[in-house]
1. From the list ASP107, ASP146, ASP121, which one is assigned to a loop (DSSP other than H, G, I, E, B) and at pLDDT 90 or above?
2. Are any of the residues in segment 81-90 at pLDDT below 90, of a type in the set (Val, Ile, Thr) and part of a helix (DSSP H, G or I)?
3. Where the second residue is charged (D, E, K, R) and part of a loop (DSSP other than H, G, I, E, B) and the first is in contact (Cβ under 8 Å) with a residue 60 or more places away in the chain and closer than 17 Å to ALA214 by Cβ and lies in segment 99-120, which pairs have Cβ atoms under 6 Å and are six or more apart or on separate chains?
4. Give me the residue from segment 99-123 that is within 15 Å of VAL207 (Cβ to Cβ) and among the small types (Gly, Ala, Ser) and, out of that set, surrounded by the fewest Cβ atoms within 10 Å (Cβ to Cβ).
5. For segment 159-182, give me each residue that is crowded, with 17+ Cβ neighbours inside 10 Å and within 14 Å of THR204 (Cα to Cα).
6. Return yes when ALA126 is surrounded by 13 or more Cβ atoms within 10 Å (Cβ to Cβ), among the small types (Gly, Ala, Ser) and not in a strand (DSSP E or B) and no when it is not.
7. Out of all the residues in segment 229-246, which are aliphatic (A, V, I, L, M) and either surrounded by 15 or more Cβ atoms within 10 Å (Cβ to Cβ) or under 19 Å from the mean Cα position of the chain (by Cα) (or both)?
8. For segment 218-226, state whether one or more residues are farther than 30 Å from LYS167 by Cα and touching a strand residue (DSSP E or B) at 6+ places or on another chain (Cβ under 7 Å).
Amino acid sequence: MDTDEVDLLVIGGGVAGLTAALVAAIEGLSVLVCEKTGQLGGTAASSAGTVWVPGSSQSQRAGLADPLEGARRYLAAEIDTDSGADLREAFLATGPRVLDYLERHSDVVFAPAARHPDYHDRHAGAAIGGRALVARPFDGRLLGADFARLRPPLRHMMVLGGLSVSKDDVAPLLRPFASWRALRHVLALLARHARDRLSHPRGTRLVMGNALIARLLHSLRQRGVDPLTGVDVRALHQEGGAVTGATL
């Protein structure tokens with residue numbers, strides 16, 4: 001039996017696990033990521049992958065100023081409880097710092113949605129946009145062989161046999177002749193997708209959740225971390241009440 005020693009063992013290759021692994025690697029820790037399925041990304045890779053972070057510098061730079069007091073009132077109305085107030089304050093204070101940290105130290109970069117209303121828009125403090133952010137599109141070709149280990153989006157989020165579509169793509173695709181800009185956008189999408197399908201099972205222009213996981217994976221690989229797939233955790237080993245190892 002082979003034995004390996006690391007500073008941090010991450011069990012699960014979803015967005016939380018990959019983010020934890022990336023931050024640890026950035027901070028100089030040795031990291032091992034284990035994912036039991038054959039692909040990385042979990043539900044985040046197959047969904048929109050939107051994060052909800054009020055008061056981000058990304059939104060401020062885009063002219064979408066969002067004072068935290070509004071978000072604080074919205075969370076209070078949404079959760080409807082006095083318990084957990086400290087956790088909510090920690091989230092509001094730390095969320096923007098996390099996005100800035102990732103942007104400074106990795107390829108994980110987010111862009112705010114100008115119109116992405118809070119789900120319960122009648123609650124006090126609800127906003128129309130600026131709090132929801134998505135990862136910027138990513139070129140899946142940069143992943144090399146790791147592209148095959150990236151869980152694809154849900155089928156209904158792709159068209160033409162594997163072309164990933166973001167919210168910004170929907171209007172031009174539905175009305176390509178509405179303007180020269182829309183037509184140019186659609187033609188660029190189709191040309192890129194046609195080239196991709198010559199050598200890939202699906203399009204390599206990644207958006208939304210797929211772009212988020214791809215950016216995390218690419219950043220991890222740049223720091224020498226190669227997540228393992230198809231690896232089960234059979235047992236956790238404890239000493240003095242703390243987990244000190246695992247059998248994989």
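The values are calculated or read from the model by the stated rules, or taken from the named source; none is laboratory data. Small disclaimer: the values here were computed from a predicted structure and weren't measured. Using ideal geometry, Cβ is built from the backbone for each residue, glycine included, and neighbour counts are taken over all protein chains shown.
1. It is ASP107.
2. No.
3. VAL109/ARG136
4. Filtering segment 99-123 for residues that are within 15 Å of VAL207 (Cβ to Cβ) and among the small types (Gly, Ala, Ser), the one surrounded by the fewest Cβ atoms within 10 Å (Cβ to Cβ) comes out as ALA111.
5. Residues satisfying the conditions are GLY162, LEU163, SER164, VAL165.
6. yes
7. VAL231
8. Among the residues of segment 218-226, at least one is farther than 30 Å from LYS167 by Cα and touching a strand residue (DSSP E or B) at 6+ places or on another chain (Cβ under 7 Å), which makes the answer yes.
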